[in-house]
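Asks: Below you'll find the structure I mean.
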Amino acid sequence: MNQISNKLVEQLIYSSDHPAHLKDMSGKYLISNAANNDLFVGNGVSSVIGHTIWDLNAYMEPLWGSMARDIEKIESNLKATQQVYSKNQYPFLNVHGFIVVQSVKKYPILNANNVVKSILSIGEIITQQIDLFELFKLYLQFCSNKPSGIQKLLEHLSIFNDFYELPTAREISILIAKKYYYHPKLIASNLAIETKTVESHLYKIKLKLKRDLNSVVLAMRLSSKEQI
């Protein structure tokens, strides 16, 4: 990445379908593609360009917690070491409160004097590859309370409006298992519970649904395409 041209950096960022951006040494966003903007901007603001992570933190902090401090620490270390930073899974909430799991790499861009002049970040959103049980845990971890975590997961899977009443966390686990294991006996075996318990939860889920359970499970399979 030594003395890489500004034009090439710009082409790399705008040609990516995944989040990518460039920051100067003060932490200000110089270039940001649409995928990156979509994660953090709203309310009439169309781009993060010209802002810093702390400007975003003013409204994103309730959603992403210590992420601004974490990123500042990572980028300070990158400036000092000139070493590429890489992380395979970095989960956080976007501006709409949905879990995004991203693999990310940050590259130091050096000037002619071999000094870091900017930082290029290129990510890949891998949320769809995450097991639904793990995704549910992330929603419960990142959301302010259990009901909001449940609601956001259902919205994420595009099935929230299929419910008259919000299912419990245990019912969500059964519903997720139903996506992977059709028969109650298989669900029970994989969750290490009794088949009758599974059947009881499935009955309660059906009472809360506006449409057929199998249709909802099919919708889950279509909206979540991780490898099984």
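The values are calculated or read from the model by the stated rules, or taken from the named source; none is laboratory data. Everything numeric here is computed off the predicted structure, so don't read it as measured data. So basically every Cβ, Gly included, is an ideal-geometry build from the backbone, and we count neighbours across all protein chains shown. Heavy atoms of the whole protein, side chains included, go into the accessibility calculation; ligands, DNA and RNA do not. Shrake-Rupley method; radii C 1.70, N 1.55, O 1.52, S 1.80 Å.
Asks: Restricting the search to segment 132-167, which residues are of a type in the set (Lys, Arg) and within 22 Å of Leu213 (Cβ to Cβ)?
Replies: Going residue by residue through segment 132-167, those that are of a type in the set (Lys, Arg) are 137, 146, 152.
Hit for segment 132-167 is Lys152, nothing else.
Asks: Of all residues in segment 126-135, how many are out of contact with any strand residue (DSSP E or B) (no Cβ under 7 Å at 6 or more places or on another chain) and either within 12 Å of Ile99 (Cα to Cα) or buried (at least 21 other Cβ atoms within 10 Å of the Cβ) (or both)? Can you show your working first?
Replies: Of all residues in segment 126-135, those out of contact with any strand residue (DSSP E or B) (no Cβ under 7 Å at 6 or more places or on another chain) come to 128-129, 131-134.
When the remaining residues are screened for being either within 12 Å of Ile99 (Cα to Cα) or buried (at least 21 other Cβ atoms within 10 Å of the Cβ) (or both), the result is 128, 132, 134.
The qualifying residues number 3.
Asks: Out of all the residues in segment 40-55, which are part of a helix (DSSP H, G or I), touching a residue at least 12 places away in the same chain (Cβ under 8 Å) and more than 17 Å from Leu120 (Cα to Cα)?
Replies: Applying the first criterion (part of a helix (DSSP H, G or I)) to segment 40-55 yields 40, 53-55.
Subset that is touching a residue at least 12 places away in the same chain (Cβ under 8 Å): 40, 53-54.
Of everything in segment 40-55, those that are part of a helix (DSSP H, G or I), touching a residue at least 12 places away in the same chain (Cβ under 8 Å) and more than 17 Å from Leu120 (Cα to Cα) turn out to be Phe40, Trp54.
Asks: I need every pair where a residue in segment 202-214 that is under 17 Å from Ile150 (Cα atoms) has its Cβ under 7 Å from the Cβ of a residue that is outside any helix (DSSP H, G or I), sequence separation at least 6 or different chains.
Replies: Here the result reads Ile205/Pro167; Lys208/Phe163; Lys208/Tyr164; Lys208/Glu165; Lys208/Pro167; Leu209/Phe163, each pair linking segment 202-214 to a residue that is outside any helix (DSSP H, G or I).
Asks: Checking the condition open to solvent by less than 50 Å² (accessible area, probe 1.4 Å) and touching a strand residue (DSSP E or B) at 6+ places or on another chain (Cβ under 6 Å), which residue from Leu138, Leu157 passes?
Replies: On the way: Leu157 fails: touching a strand residue (DSSP E or B) at 6+ places or on another chain (Cβ under 6 Å).
Sole residue among the options that is open to solvent by less than 50 Å² (accessible area, probe 1.4 Å) and touching a strand residue (DSSP E or B) at 6+ places or on another chain (Cβ under 6 Å): Leu138.
Asks: Specify which of the listed residues (Ala188, Ala192) is open to solvent by less than 30 Å² (accessible area, probe 1.4 Å), farther than 22 Å from Tyr139 by Cα and free of Cβ contacts under 8 Å to residues at least 24 places away in the same chain.
Replies: Working: Ala192 fails: open to solvent by less than 30 Å² (accessible area, probe 1.4 Å).
Ala188 is the lone residue from the list that is open to solvent by less than 30 Å² (accessible area, probe 1.4 Å), farther than 22 Å from Tyr139 by Cα and free of Cβ contacts under 8 Å to residues at least 24 places away in the same chain.
Asks: Shifting gears a bit: For segment 162-176, which positions are assigned to a helix (DSSP H, G or I) and without any contact (Cβ under 8 Å) to a residue 40 or more places away in the chain?
Replies: Of all residues in segment 162-176, those assigned to a helix (DSSP H, G or I) come to 162, 169-176.
Residues satisfying the conditions are Ala169, Arg170, Glu171, Ile172, Ile174.
Asks: Follow-up. Could you check how many residues of segment 163-182 are open to solvent by 90 Å² or more (accessible area, probe 1.4 Å) and out of contact with any Leu (no Cβ under 9 Å at 6 or more places or on another chain)? Quick ask: steps written out before the conclusion?
Replies: Within segment 163-182, the first condition is being open to solvent by 90 Å² or more (accessible area, probe 1.4 Å), and the residues that meet it are 164-165, 170, 182.
Filter once more, keeping what is out of contact with any Leu (no Cβ under 9 Å at 6 or more places or on another chain): 170, 182.
Selection size over segment 163-182: 2.
Asks: For Ile150, indicate whether it is in contact with a strand residue (DSSP E or B) (Cβ under 7 Å, 6 or more places away or on another chain), part of a helix (DSSP H, G or I), among the β-branched types (Val, Ile, Thr) and open to solvent by less than 60 Å² (accessible area, probe 1.4 Å). Outline the logic, then answer.
Replies: On the way: in contact with a strand residue (DSSP E or B) (Cβ under 7 Å, 6 or more places away or on another chain): no; part of a helix (DSSP H, G or I): yes; among the β-branched types (Val, Ile, Thr): yes; open to solvent by less than 60 Å² (accessible area, probe 1.4 Å): yes.
Answer is no for this residue.
Asks: In segment 21-46, how many residues are open to solvent by less than 30 Å² (accessible area, probe 1.4 Å), closer than 20 Å to Lys106 by Cα and out of contact with any Leu (no Cβ under 7 Å at 6 or more places or on another chain)?
Replies: To start, the set of residues in segment 21-46 that are open to solvent by less than 30 Å² (accessible area, probe 1.4 Å) comprises 21-23, 27, 29, 31-33, 35-37, 39-42.
Retained after the next criterion (residues that are closer than 20 Å to Lys106 by Cα): 21-23, 27, 29, 31-33, 35-37, 39-40.
Cutting the leftovers down to out of contact with any Leu (no Cβ under 7 Å at 6 or more places or on another chain) gives us 21, 27, 29, 32-33, 35-37, 39.
Matching residues across segment 21-46 total 9.
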